[in-house]
Amino acid sequence: MSPRHAPTADAWWRRAVVYQVYIRSFADGDGDGIGDIAGIRSRLPYLRDLGADAIWITPWYPSPMADGGYDVADYRGVDPLFGSIEEADELIREAHDLGLRVILDIVPNHTSAAHPWFVEALAAGPGSAARARYVFRDGRGADGGEPPTGWGSVFGGGAWTRVTEADGQPGQWYLHLFAPEQPDLEWDNPEVRAAFEDILRTWFERGVDGFRIDVASGLVKDHASPEPPPPPHGVPSYVVAGDPLSDQEGVHEIYRAWRRVADGQAPPRILLGEVHASSPARVARYLRPDELHGAFNFHFLRSPWDAARLRAVIDETLASHAAVGAAPTWVLSNHDETRQVTRYGRPFTGIRERLLDDGQPVDEALGTRRARAAVLLLLGLPGSAYLYQGEELGLPEVEDLPEAALRDPVWTRSGHAIRGRDGCRVPLPWSGTAPPFGFGPPGSTPWLPPPASWAERSLEAQSEDPGSMLALYRRALALRNGHPGLAGETFAWLPAPDGVLLFERDDGLRCAVNLSGAPVPLPASRTTLLRSDAADAGDPDALPPDAAAWYLDR
Ligand code: GLC
Ligand code: MG
């Protein structure tokens, strides 16, 4: 197969399918139980054949792994756990040869506590230039024993940790929106800004096509609002307007500068933000022509399986993105969120927070039907789509990992109240009938234990089964990449019964998704391109509940 696009094709990101590789759990080339660059390289042809345009690789930089690599100690290198800088160069070259673009993950909100800057900051003491790269403050109260603000860490507990100064006395506090091993940087500091722009250039010179920006909306804090924001129970957004820790006006100037760096490359590179904001319209402000190229659509991801809710998010997304000339994006899962077949099989099908959602009863057959329908919705919409590794295999969230196996810092930081995100990070099953299921060489032990039942879900087990989740993804991606009806950005809702989403793209291509409780008739004149329900299921002229179809009506 030849590459589908020339590497310089314009605006490729506007309709790209980006496959997320969570590196620790994708494929393990060296047999140490942890996914790595060698593993990714061995599976690049699979990703090309699946129909991905680009891969987003989660952080591979040197790291103590306090948060699975989102605690970066050196932004220019590769952790030996994952490989070497030479292997990274090879991967980028091989991906490009296959027509796959490579997007790296950059973590600008915080470094690792092992980063030389933070080590220096601790040693240098209060008032030093080294401390000014981070957010150090004196504590409140008579002896400075109270944290500077009441802000909480996303992973549980407070967002400030007190340090011991050189004289052995308790001293200043530093801010960490995540774990204490992830101190937040001070983005008002020009040295921080210059360093990151230089890091971007370094990887662009190595050939990467863009960056996914971790916690993109969190870099600037409103220190005038020392109290924590209201609790994040809102659905489908978990950032509320007025949150002092997210979506502050000052972040935009940072991305305008990054955009200048990206646009200055030949060819220009792209920037995708992990933007948490209170509405799609707030997200779209990051997508103005001189800022980011794309942002993850968390409002869509978090929406319950409900036609009116989804329709509202789709409308808000399309309108707010069109207003700034940005392409919409669509995503249903990632390495932080519950996998689709599990959450769509729960009583509450959206995402609130793991404390409320995990451990709810799951009807996996129902969740699987909905996940199949949902991917036709995801890939049927105009714009760009993100797929999280393993969704194409219909993997469930692993909710019964032994406690001793849990690695997510959320587990300990929450005082063992929240199990965390390991359940969506279990290493992928590729082949064979017993662990490691081809994730690593025979005899190796994956870092999280895959369930025995995953023998049936392996790539190998699904490859020859036309009714499998894999077959559905392959067919849907082939149509998305090859059918003119899905090529453009045209979109229009059509009249449909309550609980049914029905829209038309180009050339009379229609997508129908039935979220109602009753079958809905399909037009007799249609030519069916793809259905999410099994081909032999019931009345061919009706779409059952929790099913979707792509068809031509003309
Ligand atoms: C982002 C990442 C998440 C990480 C956090 C801190 O939300 O997706 O995995 O834990 O940032 O870097
Ligand atoms: Mg390995």
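Where a number appears in this text, it was derived from the coordinates with a stated rule and is not lab data. What you see is a predicted model, and the numbers here were worked out from it, not measured in a lab. Because the Cβ atoms are built from the backbone with ideal geometry, glycine has one as well, and the counts that use them run over all protein chains shown.
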Original post:
When the chain is fully extended, how far beyond the present Cα-Cα distance does His223 get from His416, taking 0.36 nm per residue of separation?
Top reply: 66.5 nm
Original post:
Given H placed on each backbone N at 1.01 Å, which residues far from Ser516 in sequence or on other chains put an amide H within less than 5 Å of it?
Top reply: Asp546
Original post:
For the charge dipole of the stretch 430-547, defined by +1 on Lys and Arg C-beta atoms and -1 on Asp and Glu C-beta atoms about the Cα centroid, which residue among Ser444, Leu486, Ala496 has the Cα displaced farthest towards the positive pole?
Top reply: Ser444
**OP:** Note the full-extension length gain between Ala11 and Thr202 as 0.36 nm times their separation in residues minus their Cα-Cα distance, in nm to one decimal.
**Re:** 66.5 nm
Subject >> Chain lengthening between Ala323 and Val119 when straightened (0.36 nm per residue, less Cα-Cα) >> reply: 69.0 nm
**OP:** Quote the charge dipole size of the stretch 462-533 about the Cα centre in Debye, to the nearest 20; the model charges only the Cβ of Lys and Arg (+1) and of Asp and Glu (-1).
**Re:** 80
Subject >> Dipole axis of the chain (+1 Lys, Arg; -1 Asp, Glu on Cβ), positive-most option in Leu401, Tyr174, Ala471 >> reply: Ala471
**OP:** Quick one: dipole size for the chain, taken about the Cα centre, charges +1 on Lys/Arg Cβ and -1 on Asp/Glu Cβ, in debye to the nearest 20.
**Re:** 1160
Original post:
Could you work out the helix-only [θ] at 222 nm for the chain, with each DSSP H run of four or more residues adding -39,500 (n - 2.57) and the total divided by the number of residues, to the nearest 500 deg cm²/dmol?
Top reply: -7500 deg cm²/dmol
Original post:
Rounded to the nearest 0.05, what FRET efficiency is calculated for Ser463 and Ala142 with R0 set to 56 Å and r the Cβ-Cβ distance?
Top reply: 0.25
**OP:** Assuming a ≥ b ≥ c are the square roots of the Cα gyration tensor eigenvalues, decide whether the stretch 116-175 counts as rounded (a/c under 1.5), prolate (otherwise, with a/b larger than b/c) or oblate.
**Re:** oblate
Subject >> Packing-based ranking, highest mean first, of 56-62, 484-490 given that Cβ atoms within 10 Å are counted >> reply: 56-62, 484-490
**OP:** Only residues of the stretch 111-133 count here: report those whose backbone N is under 13 Å from the spot 7 Å along Cα→Cβ of Ala166, or say none.
**Re:** 120-131
**OP:** Give me the compactness ratio for the stretch 491-552, meaning the Cα radius of gyration over 2.2 N^0.38 Å.
**Re:** 1.01
Subject >> DSSP-assigned coil residues among GluC sites (Glu not before Pro) in the stretch 247-342, each with at most 12 further Cβ atoms within 10 Å >> reply: Glu249
Original post:
Ratio of the stretch 1-125's C-alpha Rg to 2.2 N^0.38 Å, to two decimals?
Top reply: 1.17
Original post:
Between the stretch 416-492 and the stretch 177-195, what's the alpha-carbon centroid distance in Å?
Top reply: 36
Subject >> Exposure proxy ranking, count of Cβ atoms within 10 Å, fewest first, for Asp400, Asp263 >> reply: Asp400, Asp263
**OP:** For the chain, return all DSSP H helices satisfying: extent of Cα atoms along own axis at least 15 Å; mean Kyte-Doolittle hydropathy at least -0.5.
**Re:** 37-50, 190-205, 307-324, 364-380, 469-482
Original post:
So for the chain, what are the equivalent ellipsoid semi-axes in whole Å, largest first, each being the square root of 5 times an eigenvalue of the Cα gyration tensor?
Top reply: 39, 25, 24
